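A.B. asks: Sending over a structure as structure tokens; questions will come in a sec.
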Amino acid sequence: MTTSALSRKTPGSNPASKPARQGVHKKPFNWRRAGAWTLVVVAIIVTVAPFLWMLRTALSSNASLASNASNLLPADFSLGAFKRVLGLQTPEEAIAEGGSGAAINFWLYLRNSIIFASVTTAGQVFFSAMAAYAFSRLRWPGRNVVFGLFLATMMVPPIFTALPNFLMIKNLGLLNTFAGLALPFLFMTPFAIFFLRQFFLSMSREVEEAAMLDGAKHLRIFFQIVLPNAAAPLATLALLTFIGQWNEYFWPLLVGQDESVRVLTVGLGVFKSQSPQGAPDWSGLMAATLIAALPVLLLFIAFGKRVVNSIGFSGIK
Amino acid sequence: MTTITKLPDPVAGGSKHPQRGKNPRPGRGRRLGDLRIALLFILPAMVGFVAFFLIPTIRGIYLSFTEYSVLGDPTWIGTKNYTAIFADELFWNAMAVTVQYVGLNIGFQTVIALGLALLMHRVAKSTLIRGVLLLPFLVANVIVALLWFWMLDYQIGIVNEIINWFGLPRIAFFGSEQWAIPTIAGVNVWRHMGYTALLIFAGLQSIPSHVYEVASLDGASQTRTFWSITMPLLRPVLVLVLVVTVIGSFQVFDTVAVTTGGGPINASRVIQMYIYQKAFGESDFGYASALSVILFVILALVAFIQMKFLKGNESDLD
């Protein structure tokens, strides 16, 4: 946590990265400032504490949770919940620790989530980049009309297209297949095209024009010049798309109920309702949610700055 | 997640236009321009657009005028679905529940996010703090819902333990009719406050610093500066944030589906839950389509009214 006491004369001067460090005035103790920092600390605690509670519960033995409900440390520390979720515990052990004993195919759901999220991300980003190139670099009749149409679909709520899309996937016999899961996300979203088009428009065209004079064709320019030059926005978009797809719940709930293609979000919903002896397996559930959230958390730790600044990016421009 | 940067289009779209005419390319003279190569580049996106956005939109509107139980073909029944909906008590209940949810969710979320944004802008300027506050937004709705379902458990949830410790009666957060919607609204305030704060924060950064300098030279107090400078200049961004968050809020589903499933009784059956149950519980796709057309119209109206009344597309800066 960097506590930089800054003069507030430089708001917005450096929007993209760290706040500027110049202009540090030594000030006497300031109650207003102390109050503000207290609020910041409260906000951080409110944000982080539930995640710690998730970890604490996952490291507890489920049978002991009830009698240690308010103990801040794990109740009867055990890695059993994680073992249970990952299928490393026998049913007897699981029941002894307060689990349900029923097997959950966590590894399978994890695999399905990885396939679903990475295939849709790759397709969406690549095809959207191609479309964005056509909208920003090529001249053709009807370009702006088509672009306007694409943009207009951003207004259509997902539930509205979900019902007809479900019917179509069903008619095609693609229910409970990866194709059915991925198809609606695979080709484009208006947002992705818009996002990349803005970047392509702001990129310098000098190199491209020189290449064009040398006789390079559009395909070559796209692959060898535009894509490498847009690596940063492409990575940001891919990251945002992947996180969104990883968290997607509604569509997989509709078309991916079957075990073989069930993704983690849907699996977790099922896991919750799967408590035969009445008392839910809270530590198992928290261990499962923790592992399910882990890939996103790791991506965020690695590339968090990119995500944080990409949200700023929108509003500033 | 995809709602993330939906926000910028009216702002960004305009400012980019001048660049377009700058570099007239050699092929400009021909009427068809780069049509052939453009078709190649746009083909995949076009397939996706037509198959999964355009046709479903048209088909959804068509289905709303039919009776369709998935078995057999849809039969045209004119506006019967719509007249039935207006007489449907469960529909009005769902609308009331949804509006209550949106009111609570957006009210608290916007105020808290504005506060956080000001703190991010003035006090806690590190990217790390912004990242931490964004964390809940990156975790799936389902996970957030399950986490709070556990923490708010009546018997052994930590929140009720704390309430109990203060000597107050335990609260059945998800299990009682009067608490279900406020609880779900609260959970989603927790998930979205950091994200919303970042959107507002970006708006704060776009206010030029010289405006503040003039104000401070004139001896304006902090409060005065906030109400006479920050708020008016922030308004366009704030309106966009409201439009995006209100539209998202109307479509709440995941949290409800995982925790209460719409209950107890009808207390948390929000509109999207009702559509889902009609379509997949009762196989009444015609009725469900009509409901989603109504939701669509409501969202369009809400966006329009917000832009119009709050004058979201005009900045006081110019």
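The values are calculated or read from the model by the stated rules, or taken from the named source; none is laboratory data. All values derive from a computational prediction rather than experimental measurement. All Cβ positions, glycine included, derive from the backbone under ideal geometry; neighbour counts span all protein chains shown.
A.B. asks: Say whether the condition of being over 19 Å from A:SER113 (Cβ atoms), free of Cβ contacts under 8 Å to residues at least 60 places away in the same chain, surrounded by fewer than 18 Cβ atoms within 10 Å (Cβ to Cβ) and not polar (S, T, N, Q) is met by at least one residue in the range A:172-191.
C.D. replies: Checked the range A:172-191: at least one residue is over 19 Å from A:SER113 (Cβ atoms), free of Cβ contacts under 8 Å to residues at least 60 places away in the same chain, surrounded by fewer than 18 Cβ atoms within 10 Å (Cβ to Cβ) and not polar (S, T, N, Q).
A.B. asks: For A:VAL119, work out the one condition from (1) of a type in the set (A, V, I, L, M, F, W, C); (2) more than 10 Å from every other protein chain (Cβ to nearest Cβ); (3) surrounded by fewer than 16 Cβ atoms within 10 Å (Cβ to Cβ) it doesn't fulfil.
C.D. replies: The number of the failed condition is (3).
A.B. asks: Among (1) polar (S, T, N, Q); (2) at the interface with another protein chain (Cβ under 9 Å from one of its Cβ atoms); (3) outside any helix (DSSP H, G or I), there is one condition A:SER204 misses while meeting the rest; what is its number?
C.D. replies: The number of the failed condition is (2).
A.B. asks: In the range A:168-191, what residues are within 8 Å of another protein chain (Cβ to nearest Cβ), within 13 Å of A:GLY123 (Cβ to Cβ) and not in a loop (DSSP other than H, G, I, E, B)?
C.D. replies: Passing the criteria: A:LEU183, A:PRO184, A:LEU186.
A.B. asks: If you take the residues of the range B:139-177 that are polar (S, T, N, Q) and in contact with a helix residue (DSSP H, G or I) (Cβ under 8 Å, 6 or more places away or on another chain), which of them is modelled with the lowest pLDDT?
C.D. replies: B:GLN155
A.B. asks: Inside the range A:131-149, can you point out the residues that are under 22 Å from A:MET203 (Cα atoms) and either facing another protein chain (nearest Cβ under 7 Å) or of a type in the set (Lys, Arg) (or both)?
C.D. replies: If the condition is that a residue be under 22 Å from A:MET203 (Cα atoms) and either facing another protein chain (nearest Cβ under 7 Å) or of a type in the set (Lys, Arg) (or both), then A:ALA131, A:TYR133, A:ALA134, A:ARG137, A:LEU138, A:ARG139, A:TRP140, A:ARG143 are the ones that fit.
A.B. asks: If you go through the range A:57-70 one residue at a time, how many are buried (at least 20 other Cβ atoms within 10 Å of the Cβ), more than 7 Å from every other protein chain (Cβ to nearest Cβ) and in a helix (DSSP H, G or I)?
C.D. replies: Residues meeting the conditions: 2.
A.B. asks: Need pairs with beta-carbon distance below 7 Å; first residue at the interface with another protein chain (Cβ under 7 Å from one of its Cβ atoms) and free of Cβ contacts under 8 Å to residues at least 12 places away in the same chain and within the range A:152-167, second assigned to a loop (DSSP other than H, G, I, E, B) and of a type outside the set (Gly, Ala, Ser); sequence gap 6+ or separate chains.
C.D. replies: The qualifying pairs are A:PRO157/B:GLN251.
A.B. asks: Between A:PRO164, A:PRO184, A:PRO158, which is modelled with pLDDT of 90 or more and out of contact with any Leu (no Cβ under 9 Å at 6 or more places or on another chain)?
C.D. replies: Of the residues listed, the single one that is modelled with pLDDT of 90 or more and out of contact with any Leu (no Cβ under 9 Å at 6 or more places or on another chain) is A:PRO184.
A.B. asks: Surrounded by fewer than 22 Cβ atoms within 10 Å (Cβ to Cβ), at pLDDT 90 or above, β-branched (Val, Ile, Thr) and part of a helix (DSSP H, G or I), is that true of A:VAL145?
C.D. replies: In short, yes.
A.B. asks: Grab the helices (runs of 4 or more DSSP H) fully contained in the range B:222-261, keeping just those with 3 or more residues being touching a residue at least 60 places away in the same chain (Cβ under 8 Å). Don't jump to the end; show me each part of the working.
C.D. replies: Working: elements: B:222-225, B:231-250, B:254-259.
By residue number, B:231-250, B:254-259.
A.B. asks: Out of all the residues in the range B:48-68, is one or more more than 9 Å from every other protein chain (Cβ to nearest Cβ) and modelled with pLDDT under 90?
C.D. replies: No, the range B:48-68 contains no residue that is more than 9 Å from every other protein chain (Cβ to nearest Cβ) and modelled with pLDDT under 90.
A.B. asks: Say whether the condition of being among the β-branched types (Val, Ile, Thr), more than 30 Å from A:ALA117 (Cα to Cα) and crowded, with 23+ Cβ neighbours inside 10 Å is met by at least one residue in the range B:159-181.
C.D. replies: yes
A.B. asks: Can you find even one residue in the range A:38-48 that is touching a Phe, Trp or Tyr at 6+ places or on another chain (Cβ under 9 Å) and either in a helix (DSSP H, G or I) or at pLDDT 70 or above (or both)?
C.D. replies: Scanning the range A:38-48, I find at least one residue that is touching a Phe, Trp or Tyr at 6+ places or on another chain (Cβ under 9 Å) and either in a helix (DSSP H, G or I) or at pLDDT 70 or above (or both), so the answer is yes.
A.B. asks: Same structure again: When you go through (1) within 11 Å of chain B (Cβ to nearest Cβ); (2) outside any loop (DSSP other than H, G, I, E, B) one by one for A:ALA75, which number turns out not to apply?
C.D. replies: Tallying (1) within 11 Å of chain B (Cβ to nearest Cβ); (2) outside any loop (DSSP other than H, G, I, E, B), A:ALA75 fails exactly one: (2).
A.B. asks: Condition first: assigned to a helix (DSSP H, G or I) and over 10 Å from A:VAL40 (Cβ atoms). Now tell me which residues in the range B:118-131 satisfy that.
C.D. replies: Of everything in the range B:118-131, those that are assigned to a helix (DSSP H, G or I) and over 10 Å from A:VAL40 (Cβ atoms) turn out to be B:LEU118, B:HIS121, B:ARG122, B:THR127, B:LEU128, B:ARG130, B:GLY131.
A.B. asks: Which ones in the range B:69-87 are under 14 Å from B:ASP284 (Cα atoms) and either of a type outside the set (Val, Ile, Thr) or part of a strand (DSSP E or B) (or both)?
C.D. replies: Residues satisfying the conditions are B:SER69, B:LEU71, B:GLY72, B:ASP73, B:PRO74, B:THR75, B:TRP76, B:LYS80, B:ASN81, B:TYR82, B:ALA84.
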